[in-house]
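Since the structure comes first, as structure tokens, the remarks are kept for the end.
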């Protein structure tokens, strides 16, 4: 029995020292000291030895168990230190290595141009006015001298949110001008930037959602000359002294007289191309003198006051500002494109 106990001690000690990790070490402990381990099974055979030898064998067995448990504990400590050292080497952090740069966002090109336009008009003495994108039919059409059945409502067909067509997505920021004139009396000098919506087909220069910046000036003695001078000064401050504008007679229900203002195509410099549809010019904005009916409808005496209004397509301003030849690029959210600005 003693020889067998010593044999178990020797082999168990070797297995403990050879255990490569804590999992293997646990298997060694179970194999020798577990309920079905070699030492436990050997001790169950003590009934077959002489009574006078049992105390000696028992003491030896307990001593072997204690020795093996101590060896297992020490080996476990060593393995733990080795694993920790290995992990520290593998996960070592070099604090001298530069950190990864967090990418910073940028302004969208439309926002860049819109902010520039705001600064220019604020420098001219304009104030900024805002209004709801979900408008009522009165402020979007009727108050702007576009009564029900008026043909101008067709080309400004929009997205209606109610069955009776009284709630809609605004087709222009002109309703903001009406709201300003309803609550404020002249002199008035405001711009109203924001998103607008129309059922346009998507192409290089059109989108069902786009951005406008409208302006309104109402005071005594305002003439068409003031309108033209304001727009020319704005465009030259935005694009430079070489920017060229063209004023064409037009009709808008809410202005009389009215005009369309074009800017020379930035892609072909007036020669004609895909962007300008061969015309050499790109429509930039509509403008005119505020119709007397619009003034009277807002409680302003048209015999005393006059005014001008204009609506600028900010998206087309952006295309001209950065020489972008397709409006769709501004809305596709391609980081490769937007990161250039």
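Within segment 271-279, is there a residue that is in the same structural domain as residue 222 (by TED's automatic domain parsing), modelled with pLDDT of 85 or more and surrounded by 19 or more Cβ atoms within 10 Å (Cβ to Cβ)? No, segment 271-279 contains no residue that is in the same structural domain as residue 222 (by TED's automatic domain parsing), modelled with pLDDT of 85 or more and surrounded by 19 or more Cβ atoms within 10 Å (Cβ to Cβ). Checking each residue in segment 148-205 for being closer than 25 Å to residue 299 by Cβ, at pLDDT below 90 and part of a helix (DSSP H, G or I) picks out 152, 153. Taking the residues in segment 195-226 that are surrounded by 16 or more Cβ atoms within 10 Å (Cβ to Cβ) and over 37 Å from the mean Cα position of the chain (by Cα) as candidates, determine which candidate is nearest to residue 147 (Cα to Cα). Filtering first and then ranking leaves 218.
Pick from segment 130-141 the residues that are at pLDDT below 90 and part of a helix (DSSP H, G or I): which of them is farthest from residue 217 (Cα to Cα)? Among those residues, the one meeting the criterion is 137. For the residues 174, 162, the requirement of being more than 26 Å from the chain's Cα centre (by Cα) and either surrounded by 11 or more Cβ atoms within 10 Å (Cβ to Cβ) or within 30 Å of residue 328 (Cβ to Cβ) (or both) singles out 174.
Determine whether segment 115-129 contains at least one residue that is closer than 21 Å to residue 331 by Cα, surrounded by 13 or more Cβ atoms within 10 Å (Cβ to Cβ) and modelled with pLDDT of 90 or more. Yes - at least one qualifying residue is present in segment 115-129. Within segment 98-110, the set of residues being surrounded by 14 or more Cβ atoms within 10 Å (Cβ to Cβ) and under 13 Å from the mean Cα position of the chain (by Cα) comprises 108 only. Hey, could you check segment 280-314 for residues that are touching a helix residue (DSSP H, G or I) at 6+ places or on another chain (Cβ under 7 Å) and at pLDDT below 90 and say which is surrounded by the fewest Cβ atoms within 10 Å (Cβ to Cβ)? The residue in question is 282.
The values are calculated or read from the model by the stated rules, or taken from the named source; none is laboratory data. Since this is a predicted model, take the numbers as computed values, not measurements. Ideal geometry is used to build each Cβ from the backbone, glycine not excepted, and the neighbour counts take in all protein chains shown.
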